[in-house]
Amino acid sequence: MRYSHATTIDSPAFSHDIRRIPGLAGLRRGAVMGWIRRLVLLSSDVLSVGFAWILARNLGIPTPAFLSAEGFELTLIPVLGISISIFAARSLYQAGEPRRDYLGMIKAQSLAVLLLLLTSYFFNPNQFVSRSQYLLYWGFSLVFLVLGRFVIDKGTQRLRLRGSIRYPAMVIADQDYRERAIQIVHGEDRYQVAGILDAKALDRDIREETFRKMQQLGIAEVFVAWDAIKNRMFLGQWFQTLGITLRVIPIEQNRVFGAANLHMLNAETPCITFRPPVIAGGQFWVKRIFDVTSALLILTLASPVYLAIAIAVFIDSPGPIFYKQTRVGLHGEPFKVWKFRSMVNNADKLQAQLEQQNETKDGVLFKVKDDPRITRVGHFIRQYSLDELPQIFNVLFGEMSLVGPRPLPLRDVEKFKQHYFIRQDVLPGITGMWQISGRSDIDNFDDVLKLDLYYIQNWSVLLDISILFRTLSAVLKKSGAY
């Protein structure tokens, strides 16, 4: 991906108003490129639908009206009109994912064919087109439409790899959100980031120079992190005056809520709706039945393993076989998590002496690679996550699930930021996205939260089964274990 280095604003403020800057664009920047995109897509769709209709005419059983050139022209008009109208209504000419929505294209064209069939039935059932022509037209049109869009998409990708047909864009965000904002912009794969600025670039004393810089760089769209715009929404009119599209990225909110929908209130007020990702209601009971059934099966099959580990722990070092620690579970309720003891008997008291050796970046989790508290047997069972096996009882007691966000000790939860607590709204799990993505190799809790939110937002029984099998693979490979 090509983009320039960050543009810095260090010139003094201009005394004149931004509206006095000469040469302000009345037309939205990038509009021409947008119209070219729509024209190319429209041309492809018209050719695809028209060619499919011609093939259907020549290969299907013709009707009297369809045999004449005049009849063919009369039937082609509603065919094109219905299809293009539905494509436009389904936003298939918009930039980004909509123009690559092949499944949406198939559904839209199938609806168009159905409407065409109803139209012919009510107005001229015997002379419009035959059933064979309908079937051929439907099949040919789906193939040609998808193929046309695919060819355009691949051609666009090639041109963009060369730096062509990209919208010049600018990112405005504070340091904490800059990397994430740039990732979001690059994910669209249609922008060339021409400048990266701090939130102070919109401050009163330098904002005029910032807008002048945007004009000089030919910026078409500006992506502003919510933290940089929350108290400056009145600046939207300035962007509008310059013909620049303003896009506000609610990065902090997306960490908590995930996907969002935009709709209008009272037909005039835009409203962003965030739906919190929570496994509740019927989903909860489906997951619970799956957990109990699977836990009983695991407990039955693995009982010899439980016995062998218990004997090994008892012989290896003095102390109890099982270790019980208070963890924070569903809705922040504390519970005792069961594990085979893998450390010396007074491990909790020794942890305070090791805090300075904590290897996590934000300090939320406690991890020390060569932890001196681990016993010989403990080292082996931790590598293969066998110390977690007694948590099957926590699952049966309803305190945990087989799959879910990992329950953390009180010490870790006390260091939580406010938006971390969303992970406490589902049952914690023995394994989860964190465990199959590197376990101890992940040293930043924001990365853990992203994995947990992905799981909550996309939960299904099939996902649970997939994670359980991938956990088995990760355990056998000792991925990220220590």
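The values are calculated or read from the model by the stated rules, or taken from the named source; none is laboratory data. On a predicted model such as this, the values are computed, not experimentally measured, just so you know. Quick reminder, even Gly has a Cβ in these numbers, built from the backbone with ideal geometry, and neighbours come from all protein chains shown. Protein only, heavy atoms only, side chains kept; ligands, DNA and RNA dropped before computing areas. Shrake-Rupley method; radii C 1.70, N 1.55, O 1.52, S 1.80 Å.
For a quick check: with amide H placed at 1.01 Å from N, whose amide H comes under 5 Å from residue 249's, ignoring anything fewer than 5 positions away on the same chain?
Under 5 Å from the amide H of residue 249: 224, 225, 226.
Binning every alpha carbon pair distance of region 165-207 at 5 Å from zero, what are the percents per bin?
Cα pair-distance distribution for region 165-207, in percent: 6, 23, 28, 21, 14, 6, 2.
Residue-wise, which Karplus ³J(HN,Hα) couplings in Hz belong to region 420-430, taking 6.51 cos²θ - 1.76 cosθ + 1.60, θ = phi - 60°, and x for glycine or proline?
Computed from phi, the couplings for region 420-430 are 6, 6, 4, 6, 8, 8, 10, 4, x, x, 5 Hz.
So if R0 is 30 Å, what FRET efficiency would residue 118 and residue 43 give, r being the distance between their Cβ atoms, rounded to the nearest 0.05?
After rounding to 0.05, the efficiency reads 0.60.
Taking the full set of protein chains and a 1.4 angstrom probe, give the accessible area of residue 420 in square angstrom, rounded to the nearest 10.
Surface accessible to solvent at residue 420 totals approximately 0 Å².
Quick one: which residues, 5+ away or cross-chain, put their amide H under 5 Å from the amide H of residue 408? H built at 1.01 Å from N.
328
Tabulate in residue order the Karplus-calculated ³J(HN,Hα) for region 37-44, using 6.51 cos²θ - 1.76 cosθ + 1.60 with θ = phi - 60°, rounded to whole Hz; enter x for Gly and Pro.
Once θ is set to phi - 60°, the couplings for region 37-44 become 4, 4, 5, 5, 5, 4, 4, 4 Hz.
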